[in-house]
Structure formats: structure tokens, C-alpha cells
Amino acid sequence: MFDESPKRFDRIVAILIQLQSRKVVKAHELAERFEVSLRTIYRDIRTLEVSGVPIYSEAGVGYSLMEGYRLPPVMFTREEAQSFIAAEKLMQQFTDKELGNHYAAAMYKLKAVLKSSDKDLVTDMESKVLIRNSGQATDQKAPNALTSIFRSIGEKMQVILQYESIASDGPIERIIEPVGVFHENNNWYIYGYCHLREDYRQFRTDRIHHIKMTDQPFSLFHEALETYLHDDKNENLTKIVIRLDENIAKYIMADRRGYGFVSETENDGEVEMTFMSRDPEHGFARWYMMFGDCARIVEPESLKTRVSELLSSSLARLKE
């Protein structure tokens, strides 16, 4: 028997919206999103087809709407409208200016379809949400780096960076094919194929001095970003194990994932944490010093040596 409840109606409408927002939608993706069985999704798709929605399906590929079929925009709920405010504030603070301006322009279009009462609610909420960010998304030498990278990914065109790594004495020209961007530990990173190194590398946007689009198309096919970030063979990772007092451990919960946190175990009032670090010598060692008086390094020995060097340097400067 078909379930004609309001919940099913809402799900079918949401499926239609998702079909309009993407070129191809897979049945298992819909099942995961709505937490229902594949059989239920097949039934919902059939309901849309019977009602006149022209859906094209291909085994092993997914569902898509016939070219040219569109429905007028569905009205946003009050909760969805409220979520736009937080999103807009985040875009203003954590992306570059040009990208933020594009989002602001899109927000005007979204607000235009709200009911009058919801427009008043959104206007009131805007003055109640404040996001403080002490850092900058990109270096002022290349203030719109993220916008250029997004354009490069969309058009599949190479970009030229003047990039200053932490170990270099100045900016070096890099021709890259961006795979994607990600935000980690309060910084934006670009992951892409570097023609200078002939390998995949990641670049922090605040170390870019200049960025320029080229008319050269990508020379390689690149997988989804997630593929590279979760493939340890493409990362020089160092395993780090530390132990610290359980009363101190709670204060580093918010930061630890940015330093490669993997797992933890508790034993006799201590918490043992395991990390897979990309930068043990500079990033992790300096972060560890913030709470090092309440912790112990189990492994590796090289990290103990590095922290000792940093402590000796700090003591020498204090005596100057």
C-alpha cells in the first residue's frame, strides 16, 4: 500500500528539487539522504513520472530531468531562510572579497522569493548574527585567489602562482592544475597537480603572492578531491602518539583535527592520542608546545628532538 502521508509528499517534492539542482542523481544517494530504502525511492520516482515529470533513467548511472523541463522555484521554509544568514556571514569572513560579493548577489535573489513575513525575519536576524575571524582568507598580494581557483576548476584551465613556501626564501613560479580547495586549521588550501614538481601538492592561499589564469587546458584527468586527501600514498604523513592529562585533553578538542588527529584511548587519568601529521617539524611541534608541560611524546623520537630545539631557542631568547 502506498504511503500518502505528508512526510512522503515532502520527500517527493525534495526529490524533484534535487533532480533540478543536479545533472544526474543516483538512487542510493537519495536513499541515504532521506534514510529510506531503495525500493521507496523507486516508488517515489515512479510517482513523479505518473504525475507528468519527464524523468530519464539509465541503469548504473542514475536519474535526470529531460532537458528544458523546469518548475518555478519552491518557497523556502522559515528555517531554511534563517540558515542563509549564517551562510552569508561565513562567506563574508572566510572567503575572499570577490567570492563573497558573488554570494551576496545570489543572496539578493534568494531573498526576493521569500514571503514578506520571512523577509522581515531575515532582516532582523542579520543584526543578531556576528562571526569574528582574526585571520584573512588569502594574502593581500592575491586577495581574490579563491575566486581564480574556482574559475580554473570550472573551466579546467591551468593557473600560474607566485608561491612562497615555508622553506623558500621568496616566491617561486608554479604552474598548477587545481583539483579542489579545502579549509583546515583556519587556512584555505589548494590541492592540485604542480608541473614544477611533477606531482600533486597543496598550497596555502595566504602564501600566494600572485595568481594568473592561463589559456592552457588541463593536461591530466583528476579524480575528486576526497580521493587524494584520503590516500596516504599521496601524503608524506608522520605517525605521532602523545599522552596528556585527561583534564587538559578537553581543551585541545577543537584544534586537534587540524593537526591530523586519528584516534584516542583513555587509561589511568591520561588520554593517548594518535595523529598522522603532514608537518611534524613546524606545525605540530609548535602546537604541542602550547600544552607540552602537561603532556608526553610517546613517538617519534624526532619530534622530541624538535621540541627540545624549540625550547632551547625560546630559553636563549628569554635570556637576551
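The values are calculated or read from the model by the stated rules, or taken from the named source; none is laboratory data. Computed from a predicted model, the values in this text were never measured in an experiment. Ideal geometry is used to build each Cβ from the backbone, glycine not excepted, and the neighbour counts take in all protein chains shown. Surface areas here come from the heavy atoms of the whole protein model, side chains and all, with no ligands, DNA or RNA. Shrake-Rupley method; radii C 1.70, N 1.55, O 1.52, S 1.80 Å.
Values for this structure:
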item	result
Selected residue (only one of Ala81, Ala86 is in contact (Cβ under 8 Å) with a residue 40 or more places away in the chain, open to solvent by less than 30 Å² (accessible area, probe 1.4 Å) and not in a strand (DSSP E or B))	Ala81
Verdict on Phe261 being within 26 Å of His183 (Cβ to Cβ), under 20 Å from the mean Cα position of the chain (by Cα), at pLDDT 85 or above and surrounded by 17 or more Cβ atoms within 10 Å (Cβ to Cβ)	yes
Filter result (free of Cβ contacts under 8 Å to residues at least 24 places away in the same chain and open to solvent by 70 Å² or more (accessible area, probe 1.4 Å)) within the range 238-256	Asn247, Lys250, Met253, Ala254
Residue match in the range 221-236 (condition: of a type in the set (Lys, Arg), open to solvent by 40 Å² or more (accessible area, probe 1.4 Å), closer than 24 Å to Pro280 by Cβ and touching a residue at least 60 places away in the same chain (Cβ under 8 Å))	no
Members of the range 266-320 found to be of a type outside the set (A, V, I, L, M, F, W, C), open to solvent by less than 60 Å² (accessible area, probe 1.4 Å), in contact with a helix residue (DSSP H, G or I) (Cβ under 6 Å, 6 or more places away or on another chain) and without any contact (Cβ under 8 Å) to a residue 40 or more places away in the chain, listed by number	Gly269, Arg306
Of all residues making up the range 266-287, the number that are part of a helix (DSSP H, G or I) and either at pLDDT 95 or above or of a type in the set (S, T, N, Q) (or both)	0
Residue match in the range 167-189 (condition: open to solvent by 40 Å² or more (accessible area, probe 1.4 Å) and assigned to a helix (DSSP H, G or I))	no
